[in-house]
Amino acid sequence: MTNFDRFPEELREYYFGLFGEEAEIIMEKLLEPVEKYYIRVNTLKVSREKLVEELRREGLRPRRSPYIEEGIYFEREGPNFPDDYNPKLPRVIVNKFAAESVYQGANLYAPGVLKADKGIKEGDEVQIRDPRGLLVGIGVASMNYKDMAVKKRGLAVKITKPKFSLPSLSELKSYEKGYFYAQSLPSMVVAHVLEPSEEDLIVDMAAAPGGKTSHIAQLLQNRGEIIAMDKSKNRLKKMEEELRRLGVKNVKLIHMDSRKLPELGIKADKILLDAPCTALGIRPKLWESRTPRDIEATSRYQRHFINAAIKSLRRGGVLVYSTCTLSYEENEGNVLYMLKKGLKLEEQKIFIGSPGIGIKGVQRFYPHKHMTQGFFIARLRKVE
C-alpha cells in the first residue's frame, strides 16, 4: 500500500483538481504529525518567560513563537523508523484513535486495544499496529494479552519507539497548575483576528473543548462577557473542567445547538464560528475516509450555523469564521455565500498564512507551507 492509497481515490482527484501538483506534498504532510507542536501560555496565571523556565526544569526544550506572544512550541522528533520497517515482534492491534496517539509518542492504554497476539506477557517487547496494519510504534507490555483485551483502564504498553516523538504534556505539574493549553498555531491566530474587547458581547458558537473560548477570555483578562455554546452535554462538562483548570471566569456556558442561536434573542458584537467541518486539515492522519460527497454535505450543513450567526449579529458586528479543513466549498465557498448575505470581508490583525483560493482577504494554512494543521480563517462585518 502506498501513502496515497491512504486517501480515497475521489478525494485524491479532488485535491489534484484544487491544488495541482502541490496535492502530493500536502497529502504526504497530512500523514505526519506537525513539525512544531504548539501550546498557548495561559497568561491569566503565568508569563511566557516563567513557563519556559518551568518547562526546562521539567526536562523539555520549549521555544518561543515569533508570531504570537503567548505561543510556545516544541520540535517534533522522527520518523524513528522507515515506513517498511517490519520488526519480528508479537502484535497488538489498536483502534484508529489510539494508533494516532501512539504514532506521536503517547503510551497505549487498555481501552484502545482491539486484539493482541496470544502469549504476550508483561515485560515482552511488542509492536503496535493500526486496524489496517500500519506500524505506529514499539513498546514493552505492561499487562498480558488477556488483560489487554478485556480491561477498561490501565497502561497496556509503555511505548519505547513511536514513529514520531512529541512531548507528553498532560502529566506535567505546569499542566495541572493550568499554566498552558495545547493549541495549534492557526487556532491561536483566531482569537487575535476576532479582536475581542471587554465592551463586546461575544458568542462562541461551537465552543467545546474550549481552546478558543479560553484564549478570548485570556485576551480580555477575565473581563467582559463571553457566551459559549455546544450541543454536546458531555463536551460542555469537560469544557467546564478545563475552564476551571485555566482559571477562566467570564464565560457563560449554554447547552444548545447553536443553529438555534436566534432563539436567545441576543444581538452579539462579535461571533466566533469555528464551524463543524470535515477536518481534512487535521494531522496526523493514518488514513482518510472522507470524500467530496462529505465536503458538499458538510458545506451545506455549515450554512445553517452561518445563517444563525448573521441573524444574531448586530449591525456593524464582526463574525470570524474558521475551520480545520482544506476544501474550497467549506471555506471560500461559504465566504462567498456570506458576502451575498450582506457581510463584508475585513483585514486580519495577524496574517501569517497564505491568501485564499480566488479570494484575497482570507487566510489559509497549509501543512507543507506553514508546518501546521490545514486551517482557514475569515473575518467579516455585518454591514446591512
Review point. Checking ASP124 against (1) open to solvent by less than 80 Å² (accessible area, probe 1.4 Å); (2) of a type in the set (D, E, K, R); (3) within 30 Å of ASN42 (Cβ to Cβ), which single condition isn't satisfied?
Key: (3)
Check your understanding: Would you pick out the residues in segment 150-169 that are modelled with pLDDT of 95 or more, of a type in the set (Val, Ile, Thr) and either touching a helix residue (DSSP H, G or I) at 6+ places or on another chain (Cβ under 7 Å) or open to solvent by 10 Å² or more (accessible area, probe 1.4 Å) (or both)?
Key -> ILE159, THR160
Point to revise | Members of segment 3-42 that are outside any helix (DSSP H, G or I), open to solvent by less than 80 Å² (accessible area, probe 1.4 Å) and over 25 Å from GLY105 (Cβ atoms) | key: PRO8, GLY20
Point to revise | Residue check for SER174: in contact with a strand residue (DSSP E or B) (Cβ under 6 Å, 6 or more places away or on another chain) and surrounded by 17 or more Cβ atoms within 10 Å (Cβ to Cβ) | key: no
Point to revise | Of residues in segment 51-89 being open to solvent by 100 Å² or more (accessible area, probe 1.4 Å) and touching a residue at least 60 places away in the same chain (Cβ under 8 Å), the one nearest to GLU171 (Cα to Cα) | key: TYR67
Review point. If we scan segment 276-287, do we find a residue that is outside any helix (DSSP H, G or I) and basic (Lys, Arg)?
Key: yes
Point to revise | Filter pass, VAL335 being open to solvent by less than 20 Å² (accessible area, probe 1.4 Å), β-branched (Val, Ile, Thr) and touching a residue at least 24 places away in the same chain (Cβ under 8 Å) | key: yes
**Study point:** Residues (assigned to a helix (DSSP H, G or I) and loosely packed, with under 14 Cβ neighbours inside 10 Å) located in segment 239-261
**Key:** GLU241, ARG244, LYS260
Practice item. Identify, by number, the condition in (1) surrounded by 19 or more Cβ atoms within 10 Å (Cβ to Cβ); (2) touching a residue at least 60 places away in the same chain (Cβ under 8 Å); (3) of a type outside the set (D, E, K, R) that ALA98 doesn't meet. Key: (2)
Practice item. Could you list, in sequence order, all residues of segment 338-384 that are surrounded by 22 or more Cβ atoms within 10 Å (Cβ to Cβ), within 25 Å of ARG300 (Cβ to Cβ), among the β-branched types (Val, Ile, Thr) and touching a residue at least 40 places away in the same chain (Cβ under 8 Å)? Key: ILE377
Review point. Just one of the numbered conditions (1) in contact with a helix residue (DSSP H, G or I) (Cβ under 9 Å, 6 or more places away or on another chain); (2) in contact (Cβ under 8 Å) with a residue 40 or more places away in the chain; (3) crowded, with 16+ Cβ neighbours inside 10 Å is not true of ASP147; which one?
Key: (2)
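Residues are listed down the side, and each one gets a yes or a no for (1) open to solvent by less than 10 Å² (accessible area, probe 1.4 Å); (2) hydroxyl-bearing (Ser, Thr, Tyr); (3) touching a residue at least 60 places away in the same chain (Cβ under 8 Å):
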position: TRP287; (1), (2), (3): no, no, yes
position: ALA309; (1), (2), (3): yes, no, yes
position: ARG314; (1), (2), (3): no, no, yes
position: GLY317; (1), (2), (3): yes, no, yes
position: VAL320; (1), (2), (3): yes, no, yes
position: THR323; (1), (2), (3): yes, yes, no
position: TYR328; (1), (2), (3): no, yes, yes
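The values are calculated or read from the model by the stated rules, or taken from the named source; none is laboratory data. Every value quoted in this text rests on a predicted model; they were computed, and no experiment measured them. Backbone-built Cβ (ideal geometry, glycine too); neighbour counts: all protein chains shown. To get the accessible areas, we keep the full protein, side chains included, count just its heavy atoms, and leave off ligands, DNA and RNA. Shrake-Rupley method; radii C 1.70, N 1.55, O 1.52, S 1.80 Å.
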